[in-house]
Amino acid sequence: MTSSKYFTEEHELFRQSLRTFLQKEVWPNISEWEEKRQIPRAIWKKMGDMGFLGISYPEKYGGSNLDFFYDVVFNEEIAKMNSGGFTITQQVVQYMSCPYILKYGSEKLKQKYLPGIIAGDLISCIGITEPDAGSDAQNIQTKAVRDGDVYIVNGAKTFITNGVYGDFIVAVVKTPDKNGKNVVSLLAIDLDSKGVSRRKLKKLGWHASDTAELNFDNVRVPAENLIGEEGKGFSYLMNGLQLERLCFIPGSVASMEFAIDRALQYMSERKAFGRSLNQFQVLRHRIAQLASEVEALKAFSYYCCQLYDQNIYDVKLCSMAKLVCTELHERVATQCLQFYGGYGYMEEYPQARMYRDVRVGTIGGGSSEIMREIIAKMVIDDVAYTKAKGNERTTSVGTPAAISPFTEEHELFRQSVRDFLAKEVKPHIDQWEKEGEVPRSIYHKCGEMGLFGLGFAEKYGGSNADIWYTVVLHEEMARVNSGGFAAAMGAHFFLAMVHINGEGNEAQKEKYLPPGIQGKLIGCMAVTEPFGGSDVKALRTTAVREGDHYIINGSKTFITNGVLSDYIVAAVKTDPTKGASGVSMVIIERDRKGVSATKLDKLGWKASDTGEIAFDEVKVPLENLLGEENHGFYYIMEHFVSERLSMATGAIATAEYAIEVTLQYMSERKAFGRTINKFQVLRHRIAQMSAEIEMNKQFIYSLYEKYAAGEYLVKEASMAKLLGTKLCDKVTFECLQMYGGYGYMEDYPMARMWRDSRLGQIGGGTSEILCEIISKMMIEMKGYNTVRKTS
């Protein structure tokens, strides 16, 4: 499924044309090419004739001068051929070697090579790695010494894709500068030159591609084949590697989607123990987890591609995306092979090849370890990588602009909220945690700040602000480092009040919204029951009509604001015979006879009051019914989307804040004579978590954009909440570890943060329930996205 935000009708027409070509010319031949370890040159010519090569290259060289999302389509579709060898041969030419000539080469050099590449007449390769120098480009040994109008090249390159059958190589070499110091430069070397020898390498995977070790023995290369300036090669590489890393990602996502789709198809057909494999819960949940991560990565991928398309140079994000992508690709390939059982190990099934092919992903283009080094330098040491002159894209994409859903007004609001919380909340959190409740006075102050009225109509005292103001509020409340405070505020304005606003009649809105927005009337939401959990259909609290009233009996538990709130928005059974269709929503005032509450003692969220509420013959007027009778289940499902998005937002903001305070601690704490932020194992751990946080944050933002546009996202919101809360658990655990013994002390922030984060995977639908929902929508195609019954 593609995104209309990034792809136009023209992109999709291009996709269909390319897909048709690949299905006809490539798919039927892939197995043969894999066996022969070679792709025939004829396929390059056919692709050139169709205009599939040089998509974003200038027209003067035969290219199409299109935006980068055509390249995204190209990489997605070639990856669906399930041959890493075929995919990499194309990527090496279009994105890893020829861009150096296009961006830095002389016009003569461009005319010499680019038209042939784009026509499919020439094949290129990139030569960085040497037998004794991998990702360390500064340490290469291949020398190019100027001798009149030629360079004399000696040395070797290895692991060179297209090196056996290619026509020329963009080689990284050392050239002596005027002081005799060896500096990094780039040379285009024709591979049929005298003194070039090639040895074909046998690989674990990528069998369709040819991979060579090249030796250069006094090879004479025209001086005009120098790409750019002598000594600038390293900076050129640092720029170019971002595109190399970026092109991995859309293709890898498409490959993962292909693997999951094929696995689901196989699981629907294969039976064991009397039922199809797709009915085993453990496999369903595994698919749900993988699919969620792929969906998040896809959103992150498109975000990074948009940055690149707008000439925004972001080494950190490209490195993060490459790291997360290639490691996830490995897990998807491994797990999908597992679903096939013994058949997955057979070459006639698709997973064996994918399993072999993806293993190189965490090695090529900068290993995972190198990616973590780069990310750590940028996150921990504040290293900034700048773009070399000439690295701008040649396509016309308009003025580069930062891509953020937040306007200047949103950021001004963020600062005002942060200042307010720093003054009125943070200094008192420890006391509220001990007392087990947030005082009513803080609700009043939040009301005065307008924090409770963001999404509500002005006639009730709200500001009718767009959804991004609410996102800002969730993010900033997470930085207070009190899950209890954030939960207490959210239960009031984001659960109880939102239901009244969504399903209530005008009289109910007039009664509850204005004082709620002012913080003078506090609400809570009550769904969960003792031993009922997430199974809303099985609610036991009943509401029986008796004249113009309901008589309510039953109990609710784990209710945030359950003791101190003024009213309760409760899910009740008005027709016990109808399951989900017999659930209704009712407003129950706290002071009604028969309502009682017991405060619960919790592991975390200490600042919020959490109660078990009992209803004993509680008499409630029919006018307190919210919306239509027996429609409550659908109202709950409706609001679960926004609730889960908000919980995902808070979880990721908490994880981000945990990294922030941990980095501060690590910069001050010394062990073995140095600050602990210098220990590589901790740096890499920070880098990995930072990458996962960024991916999930961009995923959540992409969902808010769709939600604000009116899309109903049960599956996607469930994915976001599943991933966000799990990641928050992981990050707080790891950050506590980095504090050592101090992390276990209540005087330091991580003890509370770790306790509080644990509830994320339980509230609002457990991680297990979310996997159930996601798997049902993927496997049985359950239409949760169409259950909305409210406007």
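The values are calculated or read from the model by the stated rules, or taken from the named source; none is laboratory data. Predicted model, so just to flag it, every value in this text is computed and none were measured. No Cβ is skipped: glycine too gets one built from the backbone with ideal geometry, and neighbour counts run over all protein chains shown. SASA here: full protein model, heavy atoms, side chains in, ligands and nucleic acids out. Shrake-Rupley method; radii C 1.70, N 1.55, O 1.52, S 1.80 Å.
The residues on offer are Glu475, Glu458, and the sole one that is under 23 Å from Tyr303 (Cβ atoms) and at pLDDT 95 or above is Glu475. Is it the case that the range 521-541 has a residue that's farther than 30 Å from Ile773 by Cβ and of a type in the set (Lys, Arg)? No; the residues of the range 521-541 include none that is farther than 30 Å from Ile773 by Cβ and of a type in the set (Lys, Arg). Would you confirm, using the coordinates I've provided, whether Tyr308 is open to solvent by 50 Å² or more (accessible area, probe 1.4 Å) and of a type outside the set (S, T, N, Q)? No, not satisfied. When the range 280-334 is filtered for residues that are among the β-branched types (Val, Ile, Thr) and modelled with pLDDT of 95 or more, the ones remaining, listed by number, are Val282, Ile287, Val294, Val324, Thr326, Val332, Thr334. Among the residues of the range 153-193, those identified as of a type in the set (Ser, Thr, Tyr) and either assigned to a strand (DSSP E or B) or over 27 Å from Pro40 (Cα atoms) (or both) are Thr158, Thr161, Thr175, Ser185. In the condition set (1) within 17 Å of Gly532 (Cα to Cα); (2) of a type in the set (A, V, I, L, M); (3) open to solvent by less than 10 Å² (accessible area, probe 1.4 Å), Ala580 is compliant with all but (3). For the range 327-362, the candidate set comprises residues that are aliphatic (A, V, I, L, M) and buried (at least 16 other Cβ atoms within 10 Å of the Cβ); within that set, the residue that is nearest to the chain's Cα centre (by Cα) is Leu328. Answer with yes or no whether Gly484 is within 30 Å of the chain's Cα centre (by Cα) and at pLDDT below 95. Against the criterion (within 30 Å of the chain's Cα centre (by Cα) and at pLDDT below 95), Gly484 does not qualify. Determine whether the range 411-433 contains at least one residue that is within 24 Å of the chain's Cα centre (by Cα), surrounded by fewer than 20 Cβ atoms within 10 Å (Cβ to Cβ), assigned to a loop (DSSP other than H, G, I, E, B) and at pLDDT 95 or above. Scanning the range 411-433, I find no residue that is within 24 Å of the chain's Cα centre (by Cα), surrounded by fewer than 20 Cβ atoms within 10 Å (Cβ to Cβ), assigned to a loop (DSSP other than H, G, I, E, B) and at pLDDT 95 or above, so the answer is no. When the range 200-258 is filtered for residues that are open to solvent by less than 30 Å² (accessible area, probe 1.4 Å) and of a type in the set (S, T, N, Q), the ones remaining, listed by number, are Ser209, Thr211, Asn225, Asn239, Gln242, Ser252, Ser255. Checking each residue in the range 685-704 for being of a type outside the set (S, T, N, Q), in contact (Cβ under 8 Å) with a residue 60 or more places away in the chain and open to solvent by 20 Å² or more (accessible area, probe 1.4 Å) picks out Glu692, Glu694, Tyr701. Against the test of being touching a Cys at 6+ places or on another chain (Cβ under 9 Å) and under 19 Å from Gly166 (Cβ atoms), the options Ile101, Ile123, Ile78, Ile117 yield a single qualifying residue, Ile117. The criterion of at least 2 residues that are within 36 Å of the chain's Cα centre (by Cα) is met, among strands (runs of 3 or more DSSP E) falling completely within the range 500-610, by 523-526, 549-560, 567-573, 583-589. A Cβ distance below 6 Å, combined with a sequence gap of six or more or placement on separate chains, defines the contacts here; from the range 593-608, residues that are of a type in the set (Val, Ile, Thr) reach no residue that is surrounded by fewer than 15 Cβ atoms within 10 Å (Cβ to Cβ). For the range 638-684, filtered to residues that are aromatic (Phe, Trp, Tyr), open to solvent by less than 50 Å² (accessible area, probe 1.4 Å) and modelled with pLDDT of 95 or more, the residue that is nearest to Gly743 (Cα to Cα) is Tyr665. Count of the range 259-290 residues, restricted to those that are small (Gly, Ala, Ser), over 29 Å from Val93 (Cβ atoms) and open to solvent by less than 50 Å² (accessible area, probe 1.4 Å), is 4. Answer yes or no: is there a residue in the range 705-728 that is farther than 28 Å from Ala580 by Cα, surrounded by 15 or more Cβ atoms within 10 Å (Cβ to Cβ), at pLDDT 95 or above and among the aliphatic types (A, V, I, L, M). Yes, the range 705-728 contains a residue that is farther than 28 Å from Ala580 by Cα, surrounded by 15 or more Cβ atoms within 10 Å (Cβ to Cβ), at pLDDT 95 or above and among the aliphatic types (A, V, I, L, M).
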